[in-house]
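Readers should treat all values here as calculations from the given coordinates under stated rules, not as data from a laboratory. Since this is a predicted model, take the numbers as computed values, not measurements. Cβ placement follows ideal geometry from the backbone for every residue including glycine, while neighbour counts extend to all protein chains displayed.
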Amino acid sequence: MLIASLSMPEQVTLTLSALILLSSFLLLAQVRVDSLINTFALQGLLLFFATLAIAFISGKYDLLISAALTLGLKVIFIPILLRRLVVQLDIHREVEVLVKPSLVMLFGGGLVLFSYYVSLPITELSLLSTRNTIAISLAVVLIGMLMIISRRKAVSQVIGFMSMENGLFFAAVVSTFGMPMVVELGIAFDVLVAVILFGVFFFHIRTEIGSLDTDRLNRLNEVDK
Amino acid sequence: MIALYATLFFPFAGALLLGLIGHWKSAKHVNIVFCVGAFIAAGMLALDVFSNGPILSDGKLFYIDAFNVYLILLNAFVGLTTSIFSGPYMSHERDIGRVGDKRMRLYHSMFQGFLFTMLAALSTNNLGILWVAIEAATLTTVLLVSLYRTHESIEAGWKYFIICGVGISQALFGTILVYFASAKVIPGHEDGLLWTVLQLHAANMDKGVMALAFVFLLVGYGTKVGLVPLHNWLPDAHSEGPTPMSAILSGLLLNVALYALVRFKMLADPALGNHLAGNLMMGFGLLSFSVAGILLHRQYDIKRMFSYSSIEHMGLMTFAFGIGGPLATFGALLHMIVHSLTKSAIFVTVGQASQIAGTQVISKIRGLIRSNPAVGWSLLLGTCAIAGFPPFGVFTSEFLLFTATIKSYPWLVLPLLVGLAVAFAGLFRNIQPMVFGEPPEDQRKVPVNMWPVFIHLALVLWLGLAIPTVLAQWLNQATIMIVGQGVL
């Protein structure tokens with residue numbers, strides 16, 4: 001596939017999806033809590049533009065509603081809520097120590113390859129000319145998962161979780177031009193409630209163990225006490 | 001039609017109302033009233049479906065057939081009996097100062113909210129809404145797991161939230177893939193996730209995509225079913241939350257997640273034209289069954305122990321649905337009922353036992369038959385029932401499953417029998433000293449309401465002795481839907 005042979009909007013979509021993948025890696029490597037939230041908002045913004053681009057390519061204008069939901073939820077509401085929470089908890093200047101950062105990044109790269117391999121049967125069927133965006137969306141989901149596994153701070157894990165959700169949304173947009181509207185609204189509602197509950201949990205964890213290091217949540221196991 | 005909306009309306013209205021008045025002394029009665037309403041409505045719905053066949057609602061949003069209607073009735077019933085138990089149990093927890101007014105409100109509201117999400121997940125026709133409802137079930141229960149706000153319960157809540165959240169995201173990816181595959185064969189953007197539509201076109205959907213989708217769905221919903229190795233959240237969430245919640249988690253949530261998985265298997269099978277989905281389920285099921293049986297031996301906490309028993313039974317059911325013949329499927333459907341009734345009865349009993357002993361640690365609960373015969377005998381009988389002793393219903397369903405296994409995969413009976421023996425030993429080595437022997441001095445007197453347990457155990461006994469024709473017909477219809485032919 002020659003990039004130059006694609007139409008302008010398709011090139012825009014491809015570029016945006018590459019940037020979304022890049023932002024996933026940025027999230028993986030970002031150690032400062034406030035920058036992490038900014039990067040997450042940036043990913044949401046890229047997702048918003050990608051959705052707009054696909055809406056115009058495909059002519060499916062109900063995608064504009066999804067795009068508006070993304071803008072409202074993932075660019076504005078969630079980042080603002082998270083920022084308020086970290087300021088209240090006084091951890092916005094904290095710097096997290098990453099465990100084996102280079103290994104995690106390499107593993108992330110491996111996940112991208114894996115996603116391309118797994119999504120081969122799908123990409124062959126896709127109507128969109130920007131086919132490899134499906135592989136990218138799976139990679140974003142898996143990198144979000146990697147982030148949850150490799151991080152210790154509760155805030156970073158939540159951002160990994162939300163970034164997975166971004167990947168899922170992107171997958172729905174690029175493979176099928178979004179889910180049916182009732183499902184999309186339901187998912188948006190679930191995400192909204194989830195982020196509020198995460199906020200509640202931050203305070204509970206903080207009150208109980210004095211910090212947000214989920215490493216210290218390690219009392220439950222199978223060994224007799 | 002009205003019965004369907006009423007079934008969903010009662011728990012929804014209950015969640016809203018109890019969010020306001022859940023701390024009142026009478027809130028426990030209000031809770032029961034809403035559950036009674038939902039149960040009666042579910043009963044009417046079941047009668048309607050039984051006599052008139054499947055119902056599709058006007059907006060195509062809900063679809064009730066033989067498979068989900070009996071689970072709806074079961075859910076409403078277990079919800080009702082658990083709410084009866086929950087009244088005195090939570091009053092006692094409030095009296096000893098473990099929860100305050102605000103958390104009582106949260107508890108009551110989320111109890112109804114959870115029932116609502118379960119019923120919505122079962123009755124919906126849209127596989128996307130199914131996902132939304134199961135995710136919402138996590139959201140409603142996550143604050144209940146951490147209700148006591150101890151270090152352990154917050155840890156359990158966080159684990160539950162993250163593991164189930166990540167797991168269920170995989171299921172959403174699988175659902176998106178199914179939608180993608182269906183968009184190729186089904187015209188109409190909005191209809192591509194409707195079960196009634198998908199079912200007709202399943203055979204034409206793309207093989208590669210459906211295989212990939214099923215793997216993601218198995219991982220996703222399998223996390224919620226509690227399949228090993230995705231089970232870590234389950235024992236924690238069951239042991240740290242309030243006991244009525246453990247009862248409904250074990251009795252309802254696991255069933256509903258398995259229901260979702262089986263629905264997708266029904267789509268994957270014709271699309272793939274081979275036994276891949278079944279083989280995957282058999283593998284995961286057998287692994288869960290065996291590992292959980294062994295882990296039963298290592299437990300120190302009584303609720304953790306029984307949650308491993310739940311993993312074991314869910315593994316067995318997943319295995320049976322994986323085998324896929326009419327007999328195995330019939331057995332698995334029956335096992336869903338008897339497991340759910342028995343396990344929720346056991347959790348209710350365990351809740352009473354741990355209030356009497358003031359702890360959940362197995363080695364400190366002793367002599368229950370002496371100090372409180374009703375609780376002691378219920379625990380013993382419940383354990384006998386769950387371990388698969390005749391004449392209880394679990395024996396019947398396990399017998400059917402084993403017969404089916406011998407027919408299709410004779411050599412797999414060996415690990416199943418070994419697994420049952422291991423699990424039996426694991427349960428009884430812990431239960432025997434808890435019910436027999438001398439009670440310690442410091443046991444408390446607590447208000448005990450054992451009626452829910454007696455009713456559940458009586459039903460399980462009844463199902464073991466004679467399955468009523470109505471139920472057998474029902475399960476047979478569901479079996480025909482799932483595998484194409486019945487057993488009767």
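With R₀ fixed at 35 Å, the C-beta to C-beta distance from B:Ala13 to A:Ile65 puts the FRET efficiency at about 0.75.
Convex hull over the Cα atoms of the protein assembly as shown, averaged projected area in nm²? Provide the component values of the computation, followed by the final result.
On the way: hull surface 115.7 nm².
Averaged projected hull area, Cα only: 28.9 nm².
Summary value for segment B:380-488: 35 percent relative contact order, contacts being C-alpha pairs under 8 angstrom separated by 6+ residues. Roughly how tilted is helix B:66-95, in degrees to the nearest 10 and between 0 and 90, from the longest Cα axis of chain B? Roughly 20 degrees between the two axes. Using the structure shown, list the pairs from B:Lys364/B:Lys445; A:Lys60/B:Lys224; B:Lys102/B:Lys159; A:Lys153/B:Lys303 with a Cα-Cα distance above 26 Å, or answer none. Exceeds cut-off: A:Lys60/B:Lys224; A:Lys153/B:Lys303. Ranking of B:Glu312, A:Glu184 by neighbouring Cβ atoms within 10 Å, starting from the fewest: A:Glu184, B:Glu312. Expressed as an acute angle from 0 to 90° and rounded to the nearest 10, what is the orientation of the C-alpha long axis of helix B:254-272 relative to the principal long axis of chain B? The angle comes out near 20 degrees. Placing a pseudo-label 7 Å from each Cα along the Cα-to-Cβ vector at B:Ser91 and B:Lys184 gives an inter-label distance of 6.1 nm. Taking a point 7 Å out from the Cα of A:Phe203 in the direction of its Cβ, the residues of segment A:65-102 whose backbone N falls within less than 13 Å of it are A:85-86, A:88-89.
Applying both filters, DSSP loop and at most 10 other Cβ atoms within 10 Å, to the trypsin sites (Lys or Arg not before Pro) of segment B:13-72 gives B:Lys25. Here the spin labels are modelled as points 7 Å beyond Cα on the Cα-Cβ line, and at B:Asn52 and B:Asn274 they lie 4.4 nm apart. Annotation: peptides A:160-171, B:45-56, ranked by per-residue average of other Cβ atoms within 10 Å with the highest first, follow the order A:160-171, B:45-56. If I fit a long axis through the Cα atoms of helix B:151-185 and take the longest principal axis of the Cα atoms of chain B, what angle between them do I get, 0 to 90°, rounded to 10? For helix B:151-185, the angle is close to 10 degrees. In plain terms, the C-alpha convex hull of chain A casts an average shadow of 14.0 nm² when viewed from every direction. Extending 7 Å from the Cα toward the beta-carbon at both B:Thr469 and B:Phe436 defines two label points whose distance is 4.4 nm.
The residues A:Thr39, B:Thr349, B:Thr117, when put in order of fewest to most other Cβ atoms within 10 Å, stand as A:Thr39, B:Thr117, B:Thr349.
Taking the Cα atoms of segment A:74-168, the ratio Rg/Rh between the radius of gyration and the Kirkwood radius comes to 1.07. Per-residue mean of foreign Cβ neighbours for A:157-168 is 3 (Cβ atoms of other chains, 10 Å radius). Protection proxy ranking of B:273-285, B:408-420, by the mean of other Cβ atoms within 10 Å over each peptide's residues and highest first, is B:273-285, B:408-420.
With Cα atoms defining each centre, segment B:1-74 and segment B:110-149 are spaced 14 Å apart in the structure. Let me know the whole percent of all Cα-Cα pairs from chain B that are separated by more than 33 Å. Considering chain B, 32 percent of its Cα-Cα pairs are separated by more than 33 Å. Placing R0 at 30 angstrom, the Cβ-Cβ distance between B:Tyr409 and B:Leu200 gives a FRET efficiency of 0.45 after rounding to 0.05. Using the rule -39500 (n - 2.57) for each DSSP H run of four or more residues, divided by the residues of chain A, the 222 nm mean residue ellipticity is -24000 deg cm²/dmol.
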